[in-house]
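Presented below is the structure to which this report refers.
We did not get these values from a lab; they are worked out from the coordinates using the rules stated. Treat the numbers as computed from the prediction; the structure is a model and nothing was measured. Virtual Cβ from ideal backbone geometry, glycine too; neighbours counted across all protein chains shown.
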Amino acid sequence: MKTSKKFSKRIRITRTGKVVRRPMGLGHSRSNKSSTQMGRKKLNRTLVSSPFIKNY
């Protein structure tokens, strides 16, 4: 079964096998958001931290 292109563009698999995504709300309108909110959104979000994913 093929991987969905829209899904593969939103996630990334790290070298250790974690599945990470970009936080939402960073596309535009950054001037309306507080610096605290922007600081929290800088880090990537981990979806799955299992090394099982690395095999696929």
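The table that follows gives values for the structure above.
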item: Over the chain: helical MRE at 222 nm, DSSP H runs n ≥ 4 each giving -39500 (n - 2.57), nearest 500; result: -4000 deg cm²/dmol
item: Theoretical gain in end-to-end length, residue 4 to residue 44 [0.36 nm per residue, Cα-Cα removed]; result: 12.3 nm
item: Inter-probe distance in nm under a simple model that places probes 7 Å from Cα toward Cβ, at residue 33 and residue 13; result: 2.8
item: Residue among 4, 48, 23 farthest towards the positive dipole end of the chain, charges placed on Cβ; result: 4
item: Over 25 Å between alpha carbons, listed pairs 9/41; 6/42; 18/42; 18/41; result: none
item: Under Karplus coefficients 6.51, -1.76 and 1.60, residue-wise ³J(HN,Hα) of region 7-19 in Hz, glycine/proline x; result: 6, 5, 7, 9, 10, 8, 9, 7, 5, 8, x, 7, 9
item: Of (1) 41, 22, 4; (2) 29, 19, 10; (3) 28, 14, 6, the label for semi-axes √(5λ) of the Cα gyration tensor in Å derived from the coordinates; result: (3)
